[in-house]
Amino acid sequence: MAQNKPLIGKLILIALAMFGFGFALVPLYDVFCDLTGINGKTAAVAATGDNAIIDTSRVITIEFLARPNKDMPWVFAPEVQSMTVHPGEIHIMNYLAENPTGRMIVGQAVPSVSPGQAALYFNKIECFCFSQQQLAGGKNMLMPLQFYVDPALPAQFNTITLNYTLYDVTQAWAAQQPQQNNIGE
């Protein structure tokens, strides 16, 4: 047994190292993807189009996709399926949302861009995805997206696909709301 102590110590050390690596893998992956732009995530904050220079020599096709998550009962679709833009031009388009239920639902849209490297060049000035959207039962609304494609987009990209997945976050939203104080009523 005494002869196995060094081996047991090494095996325990390897197991701990593997656990530590597994624990750190998700944050390391997120950092790697943010640096390389291969994850298709767009910025979570508004861009500014103040210094955008329009490149009229290029045309980029932007394709718009939308889908509600399987647990989200809303009808959710882009107003147009695609548009052609010049890099640097600022455009506004809308997504349509309808809540066919009889109750208020809060939705949160999560964007992704394909190809993933193009996400670094797709800039949202205003987007419904920056905040949660409340929609009463039986109602519908337009949700605007204002964007531009950075003229520095590499020439190999001539089509960008923007996809939104819409999630029902009503329970999380309700948990964050201040509780009503009924004292004195």
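No value in this document is a laboratory result; all are computed from the given coordinates. This is a predicted model, so every value here is computed, not measured. Every residue, glycine as well, gets a Cβ built from its backbone with ideal geometry; the counts of neighbours run over all protein chains shown.
Figures for the structure shown
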| read-out | value |
| --- | --- |
| Net lengthening on full extension, Asn4/Met141 (0.36 nm per residue, minus Cα-Cα) | 42.4 nm |
| Pair Ala15, Glu63: separation of 7 Å Cα→Cβ label points (nm) | 4.9 nm |
| Length gained when the stretch Asn158-Ile53 is fully extended (0.36 nm per residue, less Cα-Cα span) | 36.0 nm |
| Backbone HN-Hα couplings from phi across region 120-129 [Karplus 6.51/-1.76/1.60, Hz, Gly and Pro as x] | 5, 10, 9, 10, 9, 7, 9, 8, 4, 6 |
